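All remarks here apply to the structure that follows.
Please treat every number below as a calculation from the coordinates, not as lab data. Since this is a predicted model, take the numbers as computed values, not measurements. Note: ideal-geometry Cβ built from the backbone for every residue, glycine included; neighbour counts use all protein chains shown.
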Amino acid sequence: MPSFSAIRTLLPGLAALLALSCPPAAEAGKLYRFQDAAGNVLLTNQVDASRRPLNGDGHQYRKLVKVTWYADTNVHRYGNWGRGEASVKQSASRNRNAYDDMIRQAASRYNLDFGLVKAVIHTESGFDPNALSAPGAQGLMQLMPATAQRYRVGNVWDPAQNIEAGSRHLRYLLNRYGEDLPRALAAYNAGERNVDKYGGIPPFPETRDYVQRVSGRYSHLYNVNGTPPVAAN
């Protein structure tokens, strides 16, 4: 898995990145992922006519993986994961049970398993209501600004509002993909248009990893109803 320790933030946030005019050689709405020989990663929308990074980074970052970065894309590396299902462990966060009542209420409203919503929160934020991802996702269920706006969230940092909107969005995705859990989870992470573009889970290592993490935690930690999650392909 490539290290994201070398990620450069070329603009203050993803919303600003998408809203501002790109340089002449850049394609609007495109984010380019480059890797160097050590596996370090550079994410940028600023490339030259040969699709090399600007600012002299082309000498180091030579391997290009072009990613279409839609406004609801929250692709990034996740931590705290073992090598297999036997390594799935409870969160060490003191908040790990603090939001159970909110989760139950939202899960009930949107016909979701309590365990599924909790597994998403565990994976997305580690139960940290102030979590902020590199792409700009916020709060317990890591709502991208476009998603928070879609569900008219007044305060994305408020746990109840965040869980409400995240659960509502998850129900929408499950309906959209015919209760296909891996696709719905992939869309939660990579965005609907990337799932549609690739006809399933996109070939992003981070998204495939994300689907495995949520499914594993749902199955082994939080599946109080005994409903087996559908395995990711």
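Scalar couplings 3J(HN,Hα) for the range 136-142, obtained by applying the Karplus form with A = 6.51, B = -1.76, C = 1.60 to θ = phi - 60°, are x, 6, 10, x, 4, 9, 6 Hz; x denotes Gly and Pro. Note on K63: aspartates and glutamates with a C-alpha under 13 Å away, same-chain residues under 8 apart excluded, are D36.
Around L140, with a cut-off of 14 angstrom between Cβ atoms, what is the net charge of the other residues, counting Lys and Arg +1 and Asp and Glu -1?
Net of charged neighbours comes to -3.
Report, ordered by chain and residue number, the aspartates and glutamates lying within cross-link reach of K197, taken as a straight Cα distance under 20 Å and ignoring same-chain residues fewer than 8 apart. Counting by Cα, and skipping residues close in sequence, K197 has these aspartates and glutamates nearby: E27, D72, E179, D180, E206, D209.
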